[in-house]
Structure formats: structure tokens, C-alpha cells
1. Where in region 1-39 does the amide nitrogen come within less than 20 Å of the point 7 Å from the Cα of residue 96, taken along Cα to Cβ?
2. How do 175, 22 line up, fewest other C-beta atoms within 10 Å first?
3. Please give the contour-minus-distance gain from residue 203 to residue 219: 0.36 nm per residue of separation, less the Cα-Cα distance, rounded to one decimal in nm.
4. What FRET efficiency would be calculated for the residue pair residue 44, residue 210, taking the C-beta separation as r and a Förster radius of 45 Å, to the nearest 0.05?
């Protein structure tokens, strides 16, 4: 008997290419359409309100498959990917840690009608909104997630899919301006600066894509800078 495959999928905001939601489904395209329907119908969840905002702007979220799992291991897979992307700083709209869904389950039309009626016109209070926005993951929980995820990550095929999905994407100018304004005046600690430098030095390519030995400077970039300096000096002397 063939084992049924379950897809762990992600939803991306087309305005800034940020991953906003991780879910599971035996049919991710059908599930994607269901999410869009929730946004169009005004369902009062953070995910539905995010999608509603996209629809109002004439946009749709993009979806992609993160991993394919079997029917027995999808819960652990979904929980892992939610924790993994959150540890990378993704502002996911998932309200839980994952694994609570029911495979191949569908509510009856009567139940759906009652659910829609119960949510109609419902709005969060300012206190509830403030509580959600101010929610912070405790340091001990972050440490546990960090320890659990050490040495784990997406396989090569998944990494390639994510890379292809995000290649050539750029943030809108208004988003870039907000990020720039948020970082103005902030200073990195010496430890943070050294950590960034060490990460850059360990890469086999410089930021311009030139090959180099890990841990050393890019000789091509140095030669270019030296040539530009000599050219600038010679022009100054002539003047």
C-alpha cells in the first residue's frame, strides 16, 4: 500500500518576500485557495487579516513546498519547521507550535456556517492587540529551541527550492526605508561585529562573488581597489 504524502508548505508575503506562515496539507494548492478564501471572507485571525490586506492591494501570497513527509511524521515535521523559521527571525503568523491539524478532515457545511456566523463582525479589543504585539518568547524557551535546532536544517533540495523562490526578489522602497529608519543610531557590540566578520571570512566567495580562500581577503577586490586608487592618484597629479 502506497504511503500518503503530506506537504509542509510556506506562505510568503510578495511585498517583502518574508515567510509569514507554515502549515501542512495533503493538497497544498487547495489549502492555499482555502487560506485566500478566509482572507476574502473576513475571518478574524492574524493570518486571514494579513491575506485580506494583500487582497485589498490586488496581491496574493505565494506558496511553496518546504518538505514532503509521510502521514505518520508530519506533526514533528511541521513543529520543526515552525520552530526553525522562528529561530531565524521569521515573523510567522502561526498561533501555535504546529502539529494540531487533522489530516484529511473536513468540517460539514453546517459547522462551517456556524463558524462563519460566530466570527462575523468580531474585532479584537485594543488590549488584545497590544498583548499580541507585545508578546515575547521567554529566554529559556528560546534557548531550548536553539539547542534542539543545533545541527539541523533543511536538506539540499529544500534549500535549493527556497533559494530559487527568493532569487531576484527585492524589497519595496518603502519597506527599505522603514528598515533603514529602524536601524539608524543602533550600534553593534564588538562581539557581534567579530561574529559577522568571522562568518564572512568563512565563505569561499566575497560579497561580489569572487572566489577566495576561506579566512583570507579577496585578492581580486584588493587589486581592483589598488587600481582605482592608482588611477585616482594619477588624475589628481595631472590636475
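1. Correct set: 6-11, 20-28, 31-32, 34-36, 38-39.
2. Placing the least packed residue first, the sequence is 175, 22.
3. Length gained between residue 203 and residue 219: 4.3 nm.
4. 0.30
None of the figures in this text is laboratory data; all of them are computed from the coordinates on show. Just so it is clear, the model here is predicted, and its values are computed rather than measured. Heads up, the Cβs are rebuilt from the backbone with ideal geometry, glycines too, and the neighbour counts pull from every protein chain shown.
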